[in-house]
1. What's the FRET efficiency of M120 with R364 using the Cβ-Cβ distance as r and R₀ = 56 Å, to the nearest 0.05?
2. Hey, can you rank 361-367, 124-130, 106-112 by average C-beta count inside 10 Å, highest first?
3. Accessible area, 1.4 Å probe, largest first: how do R237, R228, R464 sort?
4. Would you please classify the overall shape of the stretch 156-209 from the alpha carbon gyration tensor, given that a ≥ b ≥ c denote the square roots of the eigenvalues, rounded means a/c under 1.5, and beyond that prolate means a/b larger than b/c while oblate covers the rest?
5. When the label point is put 7 Å from the Cα of K331 along its Cα-to-beta-carbon vector, which residues of the stretch 371-404 have a backbone N closer than 14 Å?
6. Using unit Cβ charges (K, R positive; D, E negative) and no other charged atoms, how large, in debye to the nearest 20, is the dipole of the stretch 224-305 about its Cα centre?
7. For the modelled label position 7 Å from the Cα of F463 along Cα-to-Cβ, which residues of the stretch 98-115 have backbone nitrogen atoms closer than 20 Å?
8. Expressed in whole Å with the largest first, what are the equivalent ellipsoid semi-axes of the stretch 418-463 derived from the C-alpha gyration tensor as the square root of 5 times each eigenvalue?
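The values are calculated or read from the model by the stated rules, or taken from the named source; none is laboratory data. Every value quoted in this text rests on a predicted model; they were computed, and no experiment measured them. Ideal geometry is used to build each Cβ from the backbone, glycine not excepted, and the neighbour counts take in all protein chains shown. Protein only, heavy atoms only, side chains kept; ligands, DNA and RNA dropped before computing areas. Shrake-Rupley method; radii C 1.70, N 1.55, O 1.52, S 1.80 Å.
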Amino acid sequence: MRTTRLHHFKLAAALLCALTAGTALGQATPASGPATGTAPANPGSGFLPPASSNANVVDAIRVVVNDEVITRNEVRGRVAQIVQRLRAQNTQLPPQADLERQVVEAMIVERAQVQLAKEMGVRVDDRQLDAAIGRIAQDQKMSVQDMRNQMEKEGMAFAAFREEIRNEIMMQRLREHEVDSKIQVSDAEIDTFLAAEKAAAADRIEVDIAQILVGIPANATPEQIAARRARAEEVMRQLRTGADFAKVAATYSDAGDALKGGAIGWREADRLPPVFSTELRKLNPGQVTPVIKTNVGFYILKLVEKRSLAGAATPDQAVIEQTRARHILMKATPTMPAAEVKRKLEELKAKLDSKSATFEDLARQNSQDNGSASKGGDLGWLYPGDVMPEFETAMAALKPNQISGVVETPFGFHLIQVLERKSEDVTAQKERNRARQVIRERKLGEAFEDWAREVRDRAYVEFREEG
């Protein structure tokens, strides 16, 4: 029970940090970092006191990553939690040496990314961290204090958990800046995707998959590529002779999900890179693809299960209402306090109701919105979300030509008049936005793996011998 509840907390944390709920193929998820084991309570805290200073201190440096260290006790703690989780999932354990190697590598990648985030000025203050932890507790249907009590009962220091979440958020923001923001999708790519999707509408499937990645180093020589290919072929030989896929993934895979047995989960086949989708469509559940080479490395995919989407409903028609409105804006100042502004606008409203003045004239004479005052207060056609919520709520309650009472927003005080409304079919735009997201997901997985490999390769890493 202990392992299950603690894993749930960490899974909730990983889901919180993942901004794309569906992680692209090969993309290391938060669960591949701290969520798979306990991170150090004080990352980068430096060297421990020499063992000679305290006979009870039994620890040593396992790896130096730039100017920080990973200790043997940190590695042991992470390995122990991975073992518990794999056993809970009934996954065959890889050899201890292979499991430890995978854990150490995951910790190096995590530490290098956190360091880079700090160097680039990425910060998560306590207020943001408290809000994130509050959402995790809410997802678990617990108070923060109850969650803290439960975690400490299960042996995990809450302070360490807070630092894990802080690091996860920092790494996610770094990834968004370094990878997500640089993915571009052209209109031509969207046109091609939609045309292909329409042609293959009857052949849409969703697949539950797992992966093994034998990565290729950046700027690899032909000899290095050949060696990695040989390793991938050895993996394939083991799979063909009946080896357990999850065990082999945990032993050999260089992907961030290796310690989850390579499990990726359900993905719509069209959202995968075409070379993967093509091979997966040839398989029956339980089968694996041949070795697939990409610029990141050599992939082997397992089709766990598949289901048809041919009968899936076509996208609903998306119709939104636009409103053409105008307003008079007045702001409180030291010389005209809010009460005086409201009184002035009420006087203008009385003139409009009695038709002794026009809205256009009063807006030109009184409105402090420089963008619309000269146009008689006209804001043009507004989409939902174009204006502040307080303004939008008041505007939605008006009939055409009706004028509101005084409405307060963060910008000041308004009189609002709705001129007309119309509905617009945005189904086509909605479909293009969906296609853009699918194509981004296809590109993102490989781009992320490429970037993560570069961060790892740039880091100074020194392994210390066992003593």
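1. Values: r = 48 Å, r/R0 = 0.87.
After rounding, the FRET efficiency stands at 0.70.
2. Highest mean packing first, the order is 106-112, 361-367, 124-130.
3. R237, R464, R228
4. Numbers: a/c = 7.57, a/b = 2.09, b/c = 3.63.
Cα axes put the stretch 156-209 in the oblate bin.
5. Output list for this probe position: 371-373.
6. 180 debye
7. Within reach of a label on F463, which here means backbone N under 20 Å from a point 7 Å along Cα→Cβ, the stretch 98-115 contributes 98-113.
8. They are 46, 13, 5 Å, listed largest first.
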